[in-house]
Amino acid sequence: MIQLAKTGKKVLPGDEVAIAEEYMSGEGTYEKDGKIYASAVGELDLDAREKLAKVVLDNPPIVLQEGDVVIGEVTDAKPAMAIVSIIAQEGRERAVSSETLASVHVSKLSSSYVEDAGDVMRPGDIIRAQVIQADPSVQLSTAGPHYGVIRALCGRCRNPLEKKGRSLYCEHCDRSENRKLADDYRAFDKA
């Protein structure tokens, strides 16, 4: 007869969950002095067949995978790439717990040819991008109409840029700037 693994018991970090003679320490647990303790909040899972004690997390961390859509801030734009600090995974409230620094190679910025990443993205721009590689480093793509800059500030005065046609316009400086815009670009709310 196979025993059910999940106990239904909620545990907190530091709770003793098993004895090391009976179970091995698995995910969400650690062993100390012959006892196994929870290292996370969740439901205790004692797998009798595998002899493994683990904690199934109530609110697991977000680890980026290929295909995920993320929101990030451009921190640097070099000719060959834009460097992005990932803020969140779209549609999720919890912070990303895996690598949060990513790059968008110039060839992945747009469906059309871009010579210099700095021509279409600037530091401080908020972008939506798709993860095209998660390991060993996070690589993003903004090719496609739904990806690209979703918020931007003027490169000169740092006021919000308004969308005018296919470019962005600063009312304060009376000048236009180009970006690779997402189809739902909108200016920062004015405070």
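Per-structure values
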{"read-out": "Dimensionless Rg/Rh of the range 48-160 - Kirkwood Rh, Rg from C-alpha atoms", "value": "1.11"}
{"read-out": "Whole-number Å³ per residue for the convex hull built on Cα positions in the range 39-101", "value": "132 Å³"}
{"read-out": "From the C-alpha gyration tensor of the range 113-191, square roots of 5λ in Å", "value": "24, 13, 12"}
{"read-out": "Modelled FRET efficiency - R0 30 Å, D15 with E93, Cβ distances, 0.05 increments", "value": "0.70"}
{"read-out": "Rel. contact order, % - alpha carbon contacts under 8 angstrom, at least six apart, the range 96-191", "value": "26 percent"}
{"read-out": "Distance between the range 111-128 and the range 53-84 - C-alpha centres, whole angstrom", "value": "19 Å"}
{"read-out": "Percentage relative contact order, the chain, counting C-alpha pairs under 8 Å, at least six apart", "value": "14 percent"}
{"read-out": "Residue of E90, E22, E43 that the Gaussian network model of the chain assigns the largest fluctuation, springs spanning Cα pairs under 10 Å", "value": "E22"}
{"read-out": "Carbon plus sulfur fraction of accessible area for the range 18-107, probe 1.4 Å, in percent", "value": "48 percent"}
{"read-out": "DSSP loop trypsin sites (Lys or Arg not before Pro) with at most 14 other Cβ within 10 Å: longest gap in the chain", "value": "95-155"}
{"read-out": "Alpha carbon centroid spacing (whole Å) that separates the range 157-187 from the range 6-45", "value": "53 Å"}
{"read-out": "FRET efficiency estimate (nearest 0.05) - Cβ-Cβ, S176 to K78, R0 25 angstrom", "value": "0.65"}
{"read-out": "Relative pair counts by distance (%), Cα atoms of the chain, 10 Å bins", "value": "9, 28, 21, 14, 14, 10, 3, 0"}
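The values are calculated or read from the model by the stated rules, or taken from the named source; none is laboratory data. On a predicted model such as this, the values are computed, not experimentally measured, just so you know. As a convention, Cβ positions derive from the backbone with ideal geometry for all residues, glycine included, and neighbour counts pool all protein chains shown. Note: accessible area is taken over every heavy atom of the protein model, side chains too, but ligands, DNA and RNA are not part of it. Shrake-Rupley method; radii C 1.70, N 1.55, O 1.52, S 1.80 Å.
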